[in-house]
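Peer 1: Here's a structure for you.
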Amino acid sequence: KEYRDLRWSAIVYQFVFMLHEPEEAKDAETVKKIADILGIPQSESNVIRRAIKKVRSKKSRKRCTREPDVGEDPTDPHHNINAAWSMVWIDTWQTGCGRDNATERTNKLRADYKLPPLCTTTYVEAGKCYWETKSFKVGTEKDGKIDPKSRWAKARYMYCQQILLQLWGGDSVFEDYGIQPLSVYQILFLDEKHKEIILGFMHKWFGTFPVGDDGLYLSVKNGGKYPLPPKVVVPKYPGEARLCFGVALTLKRDPVSNDWVEVVERMVPFDYSTTTLVSSKDFNKEFDAEINRVNDLKGWGIWRGTNEWRKVPGGRYQIRASRQGREAEWKSDVLAKIRKNFTNIEDMMDHIAAEADRMFKGSKFEGKHWVSHDALSLWTSKSAKSYLATKFEDRQVVCNENFASALPRDKHGRKKTFGIFKWRAIGDFPENSPPDEGIFNQLMCDARRMWALTRDYPRTDKARFGMSTIAEVRSTLVRTFLHVLSDKAISTHIKRWEWNLQRIAEANGVKVANIDHRRGHRQRTKASGLLRDPIVHPDAERGRSNQHEASVRILEDAGIYP
């Protein structure tokens, strides 16, 4: 009905005409031009704004278009030159070049037809009007295959089938299939975590309110302004902390009832920050290279008097240690030098073996524990396997890789084919790793909480949780993992491991959506939905007390008392 009014009709027509001008016009400029052409006073500019708002709606845009004649296909671009050019722009836009580039390329084509250029808004509005176009955000998808006949899916299926058989088959699986029975309470789950430094605000979101010059609340209508949000400095080459974490859900005797109870155990993280993790073969090469590097020096400074290095295998290192009365320690000097840049995978394995013995001591599966790790090349190489054999039994190392070489024979002397992973193509497998499946994300949630409580501490305070240096990131993650991360979160994700394998096996090994919780979730009570009392590190108690006192003062100023 509003279009019956002469003024409204003139406003709508003029605005539609301006949409096809070559230059982009903002609303204020559009209102001024329409007011000048139609002679509308400035006091009635709101009428123009309302008309612009209505004409931009979908219904109004359709009203402004030409109705198709009888027997004419409204979607046929040959019957409408605007629809045809709109389709040209959309076809270019769909290639992924972006709106502005699509406009540029379409306008160049229009120049060949001796037509004036159009702005991006014109093409967008025309696309919505004629073709009902809509832009969508490009989503992400898990890596993997959807074909159950692919090698990747077959390898995952066989892996999950074997593990589930070991978990559910009981003692008979060794006689029937030649594989050892397994329990979720006897596995140490391992995974590495690399975290870059953060220079600035650690959380993704920042909430605030408008304030005045005195820093107190002042509404925007009265001149209040929102404080500028904090920023994060992005260095060109950010350092990162590199740690190996391990968790296990064990069964240990209750000292009172003497029953088996679930106990969550944490491995002391293995730190190899600022270094590169290499195999023992490469580490030995670096060892020899360091000796040769020192031997090629001039023999000045600390190496003075070591020119007889050709007579001993340790070179100048051994000569210098001999002159200092500690010849047997020359290898330690070389190791101390190269360990500044490299870490031997065998050092990590030694740490894991010692921690596994400690974690499962006194448990139901003491001496029978397994170790689960991703199928990294450093773990699956021949040298790594031979070294693992000195630390664990062959059956105590579980990796996402080919076990055909270690597969036992059945009672007839034939090799079993059930547990053979014929193709090492599983790749990234977060569902098989409870740390990667969700524990690491919960760890970062707790680390951000500790950082927020201690961010006002002096930078020299060792109790402060920071992320601006590699040492601070390492200290924050280790303290949060050992003392703040709840046992509930760890046990929940470990128990989900068996469920994840079952879902993958039921899907014949193809990728399955929504089975990994790689985003940490705060624990809530089922009855009331209230947040449980979170765990706070002793170093952050002072920060929580200060925060509590500040909250109480706000309530007291408002006249609210307990």
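The values are calculated or read from the model by the stated rules, or taken from the named source; none is laboratory data. Nothing here was measured: the structure is a model prediction, and the numbers come from that model. Please note: Cβ atoms are built from the backbone with ideal geometry, for glycine as well, and neighbour counts cover all protein chains shown. For accessibility, only protein heavy atoms count, side chains too; no ligands or nucleic acids. Shrake-Rupley method; radii C 1.70, N 1.55, O 1.52, S 1.80 Å.
Peer 1: Examine region 138-158 for a residue that is more than 19 Å from Asn508 (Cα to Cα) and in contact with an Asp or Glu (Cβ under 9 Å, 6 or more places away or on another chain), and state whether such a residue exists.
Peer 2: Within region 138-158, none of the residues are more than 19 Å from Asn508 (Cα to Cα) and in contact with an Asp or Glu (Cβ under 9 Å, 6 or more places away or on another chain).
Peer 1: Quick one: would you say Thr454 is open to solvent by less than 20 Å² (accessible area, probe 1.4 Å), more than 21 Å from Val268 (Cα to Cα) and modelled with pLDDT of 90 or more?
Peer 2: yes
Peer 1: Under the condition of being among the aliphatic types (A, V, I, L, M) and either without any contact (Cβ under 8 Å) to a residue 40 or more places away in the chain or assigned to a loop (DSSP other than H, G, I, E, B) (or both), which residue from region 247-288 is surrounded by the fewest Cβ atoms within 10 Å (Cβ to Cβ)?
Peer 2: So, considering only residues that are among the aliphatic types (A, V, I, L, M) and either without any contact (Cβ under 8 Å) to a residue 40 or more places away in the chain or assigned to a loop (DSSP other than H, G, I, E, B) (or both), the one surrounded by the fewest Cβ atoms within 10 Å (Cβ to Cβ) is Val256.
Peer 1: Determine the pairs where a residue that is under 11 Å from Ile291 (Cβ atoms), located within region 301-326, has a partner that is in a helix (DSSP H, G or I) and among the polar types (S, T, N, Q) with Cβ atoms under 6 Å apart, the partner being 6 or more residues away or on another chain.
Peer 2: Short answer, once both residue conditions are applied: Trp309/Asn295; Val312/Gln318; Gly315/Asn295; Arg316/Asn295.
Peer 1: Quick one: in region 489-532, of everything that is at pLDDT 65 or above and more than 26 Å from the chain's Cα centre (by Cα), which residue is surrounded by the most Cβ atoms within 10 Å (Cβ to Cβ)?
Peer 2: Ranking the candidates gives Asn508 first.
Peer 1: Look at region 443-477 and say how many of its residues are touching a strand residue (DSSP E or B) at 6+ places or on another chain (Cβ under 7 Å) and in a helix (DSSP H, G or I).
Peer 2: Residues in region 443-477 being touching a strand residue (DSSP E or B) at 6+ places or on another chain (Cβ under 7 Å) and in a helix (DSSP H, G or I): 4 in total.
Peer 1: Another question about this same structure. Provide a single number: the residues in region 121-164 that are assigned to a helix (DSSP H, G or I), surrounded by 18 or more Cβ atoms within 10 Å (Cβ to Cβ), in contact with a helix residue (DSSP H, G or I) (Cβ under 7 Å, 6 or more places away or on another chain) and touching a residue at least 40 places away in the same chain (Cβ under 8 Å).
Peer 2: The number of residues fulfilling the criteria is 9.
Peer 1: Is region 185-204 home to any residue that is assigned to a helix (DSSP H, G or I) and of a type outside the set (D, E, K, R)?
Peer 2: The answer is yes, given that some residue of region 185-204 is assigned to a helix (DSSP H, G or I) and of a type outside the set (D, E, K, R).
Peer 1: If you take the residues in region 308-336 that are open to solvent by 80 Å² or more (accessible area, probe 1.4 Å) and assigned to a helix (DSSP H, G or I), which one is nearest to Lys281 (Cα to Cα)?
Peer 2: Among residues in region 308-336 that are open to solvent by 80 Å² or more (accessible area, probe 1.4 Å) and assigned to a helix (DSSP H, G or I), the one nearest to Lys281 (Cα to Cα) is Lys331.
Peer 1: On to the next question. Condition (residue is open to solvent by 60 Å² or more (accessible area, probe 1.4 Å), modelled with pLDDT of 90 or more, closer than 25 Å to Pro430 by Cβ and over 20 Å from the mean Cα position of the chain (by Cα)) applied to region 478-487: is it met by at least one residue?
Peer 2: Yes.
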